[in-house]
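Nothing in this text is a laboratory measurement; each read-out follows from the coordinates by a stated rule. Keep in mind it's a predicted model, so treat the numbers as computed, not measured. Counting neighbours? That spans all protein chains shown, and the Cβs are built from the backbone with ideal geometry, glycine included.
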Amino acid sequence: MSYGLMVIGVNLGYLLLALFVGIFLAKFFKRVSYFRKLPTPLLATVLFLLIFFAPFYDLLIQKGIKTYYQTFKMKEQIFAYPEKNDKGNVESLGVDARYMRENSGYLSTQKDFSHFKQAYKVRDFIELYMFGSFVVEDGKIIDNYKKDMGYTRVYLNKPSIKYDNISGIEDFKARYQVLTQVEKHYFYNEKIISFLDTKKNKLLAKGLEIDFPVKDEESRFRYKFLHWHGANGIGVNIKSSYTSGEIFRKFFRKKYRS
C-alpha cells in the first residue's frame, strides 16, 4: 500500500470513529434534561464535528487569523522611495537576520559572487547575516553548515570578493536598512519590517509578515496517528503571509537568481 492510500485510509477510519462516538454521546446526553429539547441529529452532528476537528483546532484558528490579516491588514505601506543612481542602484543596504539571510557559499567563488551581485540594486556594499561558513584547503572549498559566518559586510563595488565580519546590526553603516520587530503571540508571530533611510532619518515603508509556528508537532495526535505530514516527516502547517517581500523587491532586488 502506498503512503498516500495509507493516509487516506487512516483518516477515513478516524472520520467513521468520530461519527460513531458523536452518535453515542448524543444518545447519552439526551438523558440529561438540559439537552432533551435538542433534536438528536443536531446534537450528534455538533458532537461529531467537535470530535473530528479537535486534532486540527490550532490549524483552524491559524487559518482564521491568516484570513483576517489578508483581508484587513496585509497592505503595502510605501511612503517614499530610496534614491538611486543612473543605474538604478542605492548606495548601500543593511538587512537584519530576522528578515533575511544569505548563504555564505556566495562568497566562496568568483562565479557564485557574481550571481550574488546580480541580485541586488546596491552600489557599494550590503550588510547581512550569512549562514554556514567555509574554508579553503589546498585549493578546495570545504563547507561548514554547523557554524555560521554571521553578520558580514560584503563589498559590491570591488572586482574581486571582499568582505568584513561585523558583530551585528549595531555595526551597520549602510544608508538604507531593513529592520524587523517581532511580536510573538500564542498561535502566530507578527513581524513589522521597517525600511529606513538613515541618512535622512526617514521611514520609507513598512511591511508586515505573519508566520505560524507549530509547537511539539511530532507529539500531536494528527501527526502520530493520522499521519498529517509528508513522507519527509514535515508536519502540515499554515503558510506564512507577507507584504514586505514585494516592497523589498521594488526597492533593492535586481532580479531573481537562477
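Here is how the numbers come out for the structure above:
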{"quantity": "Meets criteria (closer than 21 Å to residue 206 by Cα, of a type outside the set (D, E, K, R), surrounded by 15 or more Cβ atoms within 10 Å (Cβ to Cβ) and in contact (Cβ under 8 Å) with a residue 24 or more places away in the chain) for residue 126", "calculated": "yes"}
{"quantity": "Residue check, residue 13 surrounded by fewer than 11 Cβ atoms within 10 Å (Cβ to Cβ) and not hydroxyl-bearing (Ser, Thr, Tyr)", "calculated": "no"}
{"quantity": "Residue, surrounded by the fewest Cβ atoms within 10 Å (Cβ to Cβ), within the range 207-254, restricted to residues that are of a type in the set (D, E, K, R), assigned to a strand (DSSP E or B) and under 17 Å from the mean Cα position of the chain (by Cα)", "calculated": "211"}
{"quantity": "Filter result for residue 108 (surrounded by 12 or more Cβ atoms within 10 Å (Cβ to Cβ), in contact with a strand residue (DSSP E or B) (Cβ under 7 Å, 6 or more places away or on another chain) and of a type in the set (Gly, Ala, Ser))", "calculated": "yes"}
{"quantity": "Candidates 120, 69, filtered to the one that is under 28 Å from residue 199 (Cα atoms) and in contact with a Leu (Cβ under 9 Å, 6 or more places away or on another chain)", "calculated": "120"}
{"quantity": "Residues being touching a strand residue (DSSP E or B) at 6+ places or on another chain (Cβ under 9 Å) and of a type in the set (Phe, Trp, Tyr) - total across the range 20-79", "calculated": "2"}
{"quantity": "In the range 111-150, residue farthest from the chain's Cα centre (by Cα) [restricted to those that are of a type in the set (Val, Ile, Thr) and more than 17 Å from residue 253 (Cα to Cα)]", "calculated": "136"}
{"quantity": "Matching helices (runs of 4 or more DSSP H) fully within the range 1-119 where at least 1 residues are within 30 Å of residue 139 (Cβ to Cβ) and touching a Ser or Thr at 6+ places or on another chain (Cβ under 9 Å)", "calculated": "110-118"}
{"quantity": "Qualifying position, being closer than 25 Å to residue 241 by Cβ and basic (Lys, Arg), among 111, 75, 162", "calculated": "75"}
{"quantity": "Residue that is touching a Lys or Arg at 6+ places or on another chain (Cβ under 9 Å) and without any contact (Cβ under 8 Å) to a residue 40 or more places away in the chain, where the choices are 198, 243", "calculated": "198"}
{"quantity": "In the range 151-171, residue farthest from the chain's Cα centre (by Cα) [restricted to those that are of a type outside the set (Ser, Thr, Tyr), over 23 Å from residue 209 (Cα atoms) and surrounded by 13 or more Cβ atoms within 10 Å (Cβ to Cβ)]", "calculated": "158"}
{"quantity": "Positions within the range 215-227 being without any contact (Cβ under 8 Å) to a residue 60 or more places away in the chain and on the phi < 0 side of the Ramachandran plot, in sequence order", "calculated": "215, 217, 218, 219, 223, 224"}
{"quantity": "Flag if residue 65 is out of contact with any Pro (no Cβ under 9 Å at 6 or more places or on another chain), of a type in the set (Val, Ile, Thr) and crowded, with 16+ Cβ neighbours inside 10 Å", "calculated": "yes"}
{"quantity": "Complete set of residues in the range 138-185 that are touching a Ser or Thr at 6+ places or on another chain (Cβ under 6 Å), part of a loop (DSSP other than H, G, I, E, B) and touching a residue at least 60 places away in the same chain (Cβ under 8 Å)", "calculated": "174, 175"}
